[in-house]
Amino acid sequence: MKTNSSRKVSFDDLIACASCDWLHYRTIIERGSRASCARCGHELYTRKPFSIDRTLAASIAGVVFLLLSLFLPFLSLARGGISSSISVLDAVGALWFSDMRWLGLMSLGMIAFIPMMRLCLLVWVMFRLRYRLGIIPSMRTAMRWAERLEPWAMAEIFMVGVVVSLVKISDLATLTVGPAFWALLGLIITTSFISIFYCKDSVWQLLTTHSA
Amino acid sequence: MAIADNTLGVTAQQAGLARCDYCGALHRLPAAEDCRLCGAYVSGRKRNSLQRTWAFLIVGVMAYIPANLYPIMITKSFSGNTSDTILSGVIALAQSGSMFVAIVVFVASVVIPVAKFVIIVGLALSLHFRWNMSEHTRHVLHTITEFIGRWSMIDVFVVAVLAALIQLGAILTIEPGAGINAFALSVVFTMFSATSLDPRLIWDGVEHGE
């Protein structure tokens with residue numbers, strides 16, 4: 001414990017709550033536990049077991065699921081001898097070709113581009129950390145963007161949208177879900193694993209202490 | 001869950017420090033510089049937080065009006081064209097017997113956006129006028145608005161999927177309507193509004209009296 005006031009306190013021994021700015025000393029916490037802000041209860045830092053290995057594994061699985069979900073057929077519909085089959089990219093294309101260009105681009109970003117970029121950044125940083133390839137400044141930029149992009153990755157919301165659409169047209173035509181549907185479900189599960197395994201503060205500690 | 005019992009009894013700002021929003025590194029105030037560790041801009045508090053919150057919120061509310069007035073989806077078949085607004089889509093779902101899905105869409109497209117408008121207005125006003133309101137309540141409300149906003153995008157994706165899938169020529173075709181544009185704008189701007197509101201401002205009021 002570094003609560004000795006006569007000792008000069010370094011910035012690195014302190015942590016401020018992200019939510020209310022209350023200042024705390026860092027202490028060693030048990031593996032698998034979490035430290036919360038004494039004032040507002042917001043999480044300060046955690047120590048999750050095998051965080052880097054697990055986050056890396058989940059991110060790689062996420063990239064695979066996302067690629068599968070984008071290009072494989074997603075839903076097929078049959079009615080009166082006519083059938084059509086769409087992929088996720090077709091859904092985005094439908095907005096684009098209905099003269100809703102920006103909405104199409106935005107959906108493409110939220111369903112495909114942003115989740116993919118975020119996963120790739122995570123894979124790259126976690127891979128370099130896992131195999132001790134050295135800390136380079138661009139890893140910090142990468143992690144910053146991975147965090148900044150998180151609320152805009154909306155694969156799970158798209159999935160709920162798909163289920164609602166299925167119900168809406170279930171009495172109009174016969175619908176079958178394709179492999180991409182299950183890949184998207186896989187992506188949602190791996191994404192929630194990432195948020196369970198990823199130990200934000202520990203990663204930043206690794207990224208910042210080894211250089212400077 | 002361990003509560004850290006080792007606080008300094010002050011905020012970082014009171015101690016003359018500013019926290020980097022990304023990597024958590026502390027900087028000496030006045031910061032207004034790039035973080036020495038990760039390169040992000042460090043200012044201690046979000047710049048012009050309330051002003052930005054109001055600006056984004058007003059755009060969000062404005063866009064929500066045409067989103068409800070104009071059709072979000074146009075169904076063309078040989079029996080004629082019908083157009084659905086957000087509310088008429090919900091009613092159609094409920095009447096076809098899919099009560100649960102109707103509720104999901106109603107919550108995502110009406111309850112969440114309206115609740116967000118109300119909560120953000122309430123939080124912003126409480127900061128302007130220093131209302132005597134529990135910090136914990138406001139903290140929870142702020143966390144909720146940041147978390148639920150994205151779920152409003154459901155309706156946008158529903159329209160995109162249906163418009164792509166239902167392309168059966170003269171039999172049945174679904175096209176996205178102008179309302180969905182406005183609705184997506186409204187969701188995006190209220191998300192910006194919620195992230196612009198700095199939660200630390202809620203707690204900054206604690207020290208001044210109360």
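The values are calculated or read from the model by the stated rules, or taken from the named source; none is laboratory data. None of the values given here were measured: they were computed from a predicted structure. Positions of Cβ are generated from backbone atoms using ideal geometry, with glycine treated the same way; all protein chains shown enter the neighbour counts.
Key figures for this structure:
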| read-out | value |
| --- | --- |
| Wholly enclosed strands (runs of 3 or more DSSP E) of the range A:37-121 bearing at least 2 residues farther than 19 Å from A:LEU184 by Cβ, at pLDDT 85 or above and within 10 Å of chain B (Cβ to nearest Cβ) | A:43-46 |
| Residue tally, condition in contact with a strand residue (DSSP E or B) (Cβ under 9 Å, 6 or more places away or on another chain), facing another protein chain (nearest Cβ under 7 Å) and closer than 30 Å to B:ILE119 by Cβ, over the range B:157-179 | 4 |
| Qualifying residues in the range A:164-182 (those that are assigned to a helix (DSSP H, G or I) and more than 8 Å from chain B (Cβ to nearest Cβ)) - the one farthest from B:ALA108 (Cα to Cα) | A:PRO179 |
| Which numbered condition B:ILE65 misses (of (1) surrounded by fewer than 17 Cβ atoms within 10 Å (Cβ to Cβ); (2) within 12 Å of chain A (Cβ to nearest Cβ); (3) more than 21 Å from B:GLU175 (Cβ to Cβ)) | (2) |
| A:THR208 being among the polar types (S, T, N, Q), within 19 Å of the chain's Cα centre (by Cα) and within 28 Å of A:ALA35 (Cβ to Cβ) | no |
| One residue from B:VAL107, B:VAL101 being buried (at least 18 other Cβ atoms within 10 Å of the Cβ), on the phi < 0 side of the Ramachandran plot and in a helix (DSSP H, G or I) | B:VAL101 |
| Tabulated pairs, the range B:35-59, first under 24 Å from A:LEU207 (Cα atoms) and of a type in the set (Ser, Thr, Tyr), second modelled with pLDDT under 85 and surrounded by 15 or more Cβ atoms within 10 Å (Cβ to Cβ), C-beta under 8 angstrom, 6+ apart or interchain | B:TYR41/B:CYS35; B:SER43/B:ALA31 |
| Selection within the range A:13-25 - without any contact (Cβ under 8 Å) to a residue 24 or more places away in the chain and more than 7 Å from every other protein chain (Cβ to nearest Cβ) | A:ASP13 |
| Within the range B:66-84, tally of residues that are out of contact with any Phe, Trp or Tyr (no Cβ under 6 Å at 6 or more places or on another chain) and either aliphatic (A, V, I, L, M) or closer than 16 Å to A:VAL164 by Cα (or both) | 5 |
